Amino acid sequence: MTKNSRRPEVEIAVEVTFPSASQARAAVKALIPDNVNLPEGLTLSMFFRGKTVHVAIGSRLSMMATAASTLDEILEHISVSRQVMAQG
């Protein structure tokens with residue numbers, strides 16, 4: 001990303017399918033509060049459509065490790081939420 005550009009240099013998109021739309025919605029609602037006040041240069045979009053949770057992370061090339069760590073954390077939380085919902 002150049003100094004004059006807001007467009008990320010690195011974009012990562014992941015889709016995770018849940019057994020139901022209500023579970024996908026619950027997972028997104030649970031994750032949103034954890035993903036505010038991101039560092040400058042890091043963008044995050046998370047939403048659900050039907051049974052699928054969509055996560056997109058963008059960053060500067062210099063923040064690629066931070067973007068990867070953020071995605072790893074989000075996927076871990078999604079995994080835990082799936083396990084909890086499966087038990088309930």
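We did not get these values from a lab; they are worked out from the coordinates using the rules stated. Bear in mind that the values here come from a model prediction, so they are computed numbers and not experimental data. Ideal geometry is used to build each Cβ from the backbone, glycine not excepted, and the neighbour counts take in all protein chains shown.
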Exercise for review: Return a whole-number percent for the relative contact order of the chain, with Cα pairs under 8 Å and 6 or more residues apart as the contact set.
Suggested key: 34 percent
Review point. Hey, if you drop one equal point scatterer on each alpha-carbon of region 10-87 and run the Debye formula without solvent, what base-10 log of I(q)/I(0) do you get at q = 0.11, 0.13, 0.25 Å⁻¹?
Key: -0.27, -0.38, -1.16
**Study point:** 19 Å reach of a label modelled at Glu40, 7 Å along Cα-to-Cβ, counting backbone N of region 54-75
**Key:** 58-67
Point to revise | Separation of the Ile32 and Ala86 label points, Cα + 7 Å toward Cβ, nm | key: 2.7 nm
Check your understanding: Once the Cα atoms of helix 21-31 and of the chain are each reduced to a long axis, what angle between those two axes, in degrees from 0 to 90 to the nearest 10, is obtained?
Key -> 50 degrees
Study note, to complete from the structure: Tilt, helix 64-87 to longest principal axis of the chain (alpha-carbon atoms), in degrees rounded to tens, equals 10 degrees
Revision key, fill the gap. Residues other than Arg25 with Cβ under 11 Å of its Cβ, Lys/Arg counted +1 and Asp/Glu -1, net out at +3
